[in-house]
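The values are calculated or read from the model by the stated rules, or taken from the named source; none is laboratory data. Since the model is a prediction, treat every value here as computed from it, not as a measurement. Every residue, glycine among them, receives a Cβ derived from its backbone with ideal geometry; neighbour counts consider all protein chains shown. These area figures cover heavy atoms from the full protein model, side chains too; ligands, DNA and RNA do not enter into them. Shrake-Rupley method; radii C 1.70, N 1.55, O 1.52, S 1.80 Å.
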Amino acid sequence: MGSSVKSSSPFTTHVLNTGDGVPAVRMALSLHRLDPRTAIWNLITIGNTDEDGRCPGLITSDAFTPGMYKVRFETAQYWESLGLSSFYPYVEIVFSVSDADQSCHVPLLVSRYSFSTYRGS
């Protein structure tokens, strides 16, 4: 899950508003880690995308340990900030980290009625 985006964080994301062809600016998101003993998602951090639709620095390399993670994008809140409604109230993407040294990039393409993620080689 390598990324071509240079960042001090081992986890990066990039959100694009495909309906308008622009970065999804100021979209709230949160990063969670699954506790394997209790099967409960624990909140690690929250953030908002910047002017480029990115949210740098969400987690440090030391904290990005092997396990199962999810990133939750608050899509309805984003569309409401633009004076629009949307079908999906949020989008959650779950992924696994098996190597503490790996970096992960999760891109998200959103419109009011659809979403997609793409992971290149």
> Relative contact order, percent, of the chain when contacts are C-alpha pairs under 8 Å separated by at least 6 residues?
Replying inline: 32 percent
>> Based only on Cα atoms, what mean projected area does the convex hull of the chain have, in nm²?
In response: 7.4 nm²
> Relative to the present Cα-Cα distance, how much length would full extension add between residue 46 and residue 94 at 0.36 nm per residue of separation?
Replying inline: 15.7 nm
> Where in the range 34-121 are there trypsin sites (Lys or Arg not before Pro) that are in a DSSP coil and have at most 10 other Cβ atoms within 10 angstrom of their Cβ?
Replying inline: 37
> At a 1.4 Å probe, what is the % contribution of carbon and sulfur to the accessible area of the range 1-84?
Replying inline: 53 percent
>> With viscosity set to 1.567 mPa s at 4 °C, what whole-number translational diffusion coefficient in µm²/s follows for the range 51-101 from Stokes-Einstein and a Kirkwood radius over Cα pairs?
In response: 99 µm²/s
